[in-house]
Each structure stands twice: as structure tokens, then as C-alpha cells.
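The values are calculated or read from the model by the stated rules, or taken from the named source; none is laboratory data. Given the structure is predicted, the values throughout are model-derived calculations rather than measurements. Ideal geometry is used to build each Cβ from the backbone, glycine not excepted, and the neighbour counts take in all protein chains shown. Accessible surface is based on the protein model in full, side chains and every heavy atom, while ligands, DNA and RNA are left aside. Shrake-Rupley method; radii C 1.70, N 1.55, O 1.52, S 1.80 Å.
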Amino acid sequence: MDKATSGWINGFIGVAIFAGSLPATRVAVAQLDPIFLTGARATIAALLGWALLRLLRQPRPRRADLPALALTAIGVVLGFPLLTALALQHVTSAHSIVFLGLLPLSTAIFAVLRGGERPKPAFWLFSVAGAAFVVGYALTGGLDVSLKGDLLMLAAIVVCGMGYAEGAKLSRTLGGWQVISWALVLSLPVMLPLTLLTWPPSFAQVTPAGWIGLAYVSLFSMLIGFVFWYRGLAQGGIAAVGQLQLFQPFMGLGLAALLLHEQVSWGMLLVTLAAVICVAGAKKHAR
């Protein structure tokens, strides 16, 4: 199997894992404070990552790698989890999932700014078209619109694109699972105190579904998904493989409807279908 094909396969597995993140966060944030959830999921994943690094005797990252690791941690360990958890207090997971159609464009922009990639002009046409479908739908108010929730989701998309591009660039030399593990460890001095400071007085109100949501976002969304995702981005190209994120709304909408019984409108299905069609054109002109 050639490197590019392996990159697309790894990237698709990562996207499939990430598709459950927003529905799981929606369940958990209904029972846990969003700031506590952000700190707890990162702390749990960081401890697991640190154990893996020690068990497999991985060398420490170079000093030159620390700025990129810090930006990765800010983007995907702190920024995206916190901003989405806050947003999901105002919007449903089905509504927030539509915004994920903007992630490929955000990732591609940072791939150019920070990753040194130069996709063809036609690539940007398809990427912008996909993003336009998503933004256009959000502006039409297809669901009960919360300006605060939508702005939080947009901010989450920006910082996540940055974290994806920074981590993928570093994965070329450091390795995919090593990058997310070190980013998590780097964030631990912030996330552990944050978890303890926001520790709830009682967990009596947390149902088994809430604990499952916390476990999923801690183990899969925060660690395992990135093992495949960063490897895929590094192998197949950040801008190109990043377009796979346009499949994530389809997967997430299905999970939201199946597990949370949330309403999925025809408008949401149509806009995600249009966005996914755009990924075919973007893929063709990514290089």
C-alpha cells in the first residue's frame, strides 16, 4: 500500500472516531460543567499518553518542537473541547455538527500558513464552496439559532484547524501518537488544576450515559482518534486528507439522531451532502 492511500485510510478512521465527539460531549455537558469536562477529558488522556510514552521509552521532543506542540495543545486539547462544550449549552449536537463542514477549509488554510503546502487554485474553489454551503445554512436559521452558540462553534473550528495543521506537520518527524501524547502531557500542568478547581461537589446526578460520554471524549476523541488522524494527515497531506472532515457531519448527524433522538432536518442533510460532493473536487486538485 502506498503512502498516500495509507494516509487516506488512517484519516478516514480518525474522522469516524471524531464523529462521535459532539454527541458524546452533548450528553456529558448536560450533566457536567463544561470547564470541568474540558479539564477532565484532557487530564485522563494525558495520563494515558504519559504512560504510553514511558512504557515505549519515547525520547523527549526537541526544544525546537515545543512551540508547535504548544499550538497543538491550545488548538485540540484546550480550545476545541472547551469552545464546543460551551457551545453545546446553547445549541444541539445536530446543529453544531453542521459547522464541522468548515473544518477542512480551516485546516487547509493553516496547512498553507504553517505546513508549507500549496494546493492548486481549483482546490480552493471546492473548499470555499463546501464552507459556503455550511455558512449559508447556518445563516438561514434552519434550527433554533443561538448567536452565542454559533460564534463559539466558529471559534472552535478556527483553533481546531490550527491544532490539526501544527500537529500534522510535527507528526512528519515525531510520529502521530507521539505528537498528541506530548501535547497532552504539555497541557497537564494547566488541565489538572483546572479539573480540581471545577470538581463538582457531587456526582450523584451523573447517569451512566454521562460517564460513557466522558469516557468516549477522553479516550477516543482526545487520544485514539488523533493517533490515526495525525498519521493520515502526515502521510497524505494536510490540506488533501483534511477534506475527509466533510464526511464527519454525515456520521455525526446519524449518531445524533440514533443515540440522542435529535431532529435532523432535510436542510441539514442537503447542506452536508453538498459539502461532501465538494470534497471529491477538492481531493482531485489538492496537489
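Round to the nearest 0.05 the FRET efficiency obtained for residue 62 and residue 199 when R0 = 51 Å and r is the Cβ-Cβ distance.
The computed FRET efficiency comes out at 0.90.
Assign one of three labels to the stretch 28-173, namely rounded, prolate or oblate, based on the Cα gyration tensor with a ≥ b ≥ c the square roots of its eigenvalues; rounded applies when a/c is under 1.5, prolate when it is not and a/b is larger than b/c, and oblate otherwise.
Since a/c reaches 1.5 but b/c is at least a/b, the shape of the stretch 28-173 is classed as oblate.
Quick one: length gained pulling residue 35 to residue 6 fully straight, 0.36 nm per residue minus the C-alpha distance?
Result: 6.8 nm gained on full extension.
Count the lysine pairs in the chain whose Cα atoms sit under 22 Å apart, keeping only pairs 8 or more residues apart in sequence or on different chains.
9
Heavy atoms only, 1.4 Å probe, whole protein assembly: order 48, 125 by accessible area, highest first.
Putting 48, 125 in descending order of accessible area: 125, 48.
Whenever you get a sec, line up 63, 26, 54, 231 from highest to lowest accessible area (probe 1.4 Å, protein heavy atoms).
The residues order as 63, 54, 231, 26, largest area first.
Hey, can you grab everything whose amide H is under 5 Å from the amide H of residue 117? Only 5+ residues off in sequence or another chain; H modelled, so Pro and N-termini drop out.
Close amide H contacts, sequence-distant or interchain: 112.
Quick one: the Cα spread of the chain along its three principal axes, in angstroms, biggest first?
Principal axes ranked by extent give 52, 47, 30 Å for the Cα atoms.
In percent, what relative contact order does the chain have, based on Cα pairs under 8 Å that are 6 or more apart in sequence?
42 percent
Quick check: from the Cα gyration tensor, does the stretch 1-102 come out rounded (a/c under 1.5), prolate or oblate?
Note, shape of the stretch 1-102 comes out oblate.
Evaluate the Debye formula for the stretch 52-101 with equal point scatterers sitting on the alpha carbons, no solvent, and hand back log10 of I(q)/I(0) at q = 0.18 Å⁻¹, in q order, two decimals.
-0.72
Could you put 35, 180 in order of accessible surface area, largest first, with the 1.4 Å probe and the full protein assembly present?
35, 180
How big is D, in µm² s⁻¹, for the stretch 180-287 by Stokes-Einstein at 4 °C and 1.567 mPa s if Rh is the Kirkwood radius over C-alpha pairs?
In µm²/s, the coefficient is 76.
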